[in-house]
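The values are calculated or read from the model by the stated rules, or taken from the named source; none is laboratory data. Keep in mind that this is a model prediction, so the values were computed, not measured. Counting neighbours? That spans all protein chains shown, and the Cβs are built from the backbone with ideal geometry, glycine included. All accessible areas refer to the heavy atoms of the entire protein, side chains included, with ligands and DNA or RNA removed. Shrake-Rupley method; radii C 1.70, N 1.55, O 1.52, S 1.80 Å.
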Amino acid sequence: MNFKEIKAPMDTVTIDRIELEKKSEKNIYETICILEKVSEKINYEIKEDLDKKLEEFNLMNKNNLDEIFENKEQINLSIFYERLPKPTSISIQYLLDDKIKIN
């Protein structure tokens with residue numbers, strides 16, 4: 001799953017329960033449980049990706065412990081991840097876009 005390219009809403013959006021049930025072909029409670037698991041996986045992937053990118057900055061800064069400075073790349077990276085939709089919104093959008101197949 002590529003969470004960077006999804007067009008999920010940034011704000012809270014009301015979604016029709018019946019539409020979710022039709023997409024998942026399950027009742028709303030089962031759908032919510034499935035979306036919870038998907039959002040946990042997305043959250044884990046986002047965290048791993050961010051940790052990997054931040055590790056690069058930590059390696060660069062270990063050589064110069066005396067210097068503490070604001071790195072523009074690090075700030076841009078932080079802004080990018082702050083602007084990502086929440087994992088829950090991404091998982092719902094995946095379901096609505098038929099990117100999740102539920103058995």
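The rows are residues; the columns are (1) modelled with pLDDT under 95; (2) among the small types (Gly, Ala, Ser); (3) under 18 Å from residue 101 (Cβ atoms); (4) open to solvent by 50 Å² or more (accessible area, probe 1.4 Å).
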{"site": "5", "(1), (2), (3), (4)": "yes, no, no, yes"}
{"site": "9", "(1), (2), (3), (4)": "yes, no, no, no"}
{"site": "12", "(1), (2), (3), (4)": "yes, no, no, yes"}
{"site": "17", "(1), (2), (3), (4)": "yes, no, no, yes"}
{"site": "23", "(1), (2), (3), (4)": "yes, no, yes, yes"}
{"site": "26", "(1), (2), (3), (4)": "yes, no, yes, yes"}
{"site": "46", "(1), (2), (3), (4)": "yes, no, no, no"}
{"site": "52", "(1), (2), (3), (4)": "yes, no, no, yes"}
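What's the number of the only condition in (1) outside any loop (DSSP other than H, G, I, E, B); (2) closer than 18 Å to residue 95 by Cβ; (3) out of contact with any helix residue (DSSP H, G or I) (no Cβ under 7 Å at 6 or more places or on another chain) that residue 20 fails to meet?
(3)
Does residue 29 satisfy the condition of being hydroxyl-bearing (Ser, Thr, Tyr) and either under 23 Å from residue 77 (Cβ atoms) or not in a helix (DSSP H, G or I) (or both)?
Working: hydroxyl-bearing (Ser, Thr, Tyr): yes; either under 23 Å from residue 77 (Cβ atoms) or not in a helix (DSSP H, G or I) (or both): no.
No: the conditions fail for residue 29.
Give me the pairs, please: first residue somewhere in the range 33-54 and within 26 Å of residue 20 (Cβ to Cβ) and in contact (Cβ under 8 Å) with a residue 12 or more places away in the chain, second residue anywhere and open to solvent by 100 Å² or more (accessible area, probe 1.4 Å) and part of a helix (DSSP H, G or I), beta-carbon distance under 9 Å, and either six or more positions apart or on two chains.
none
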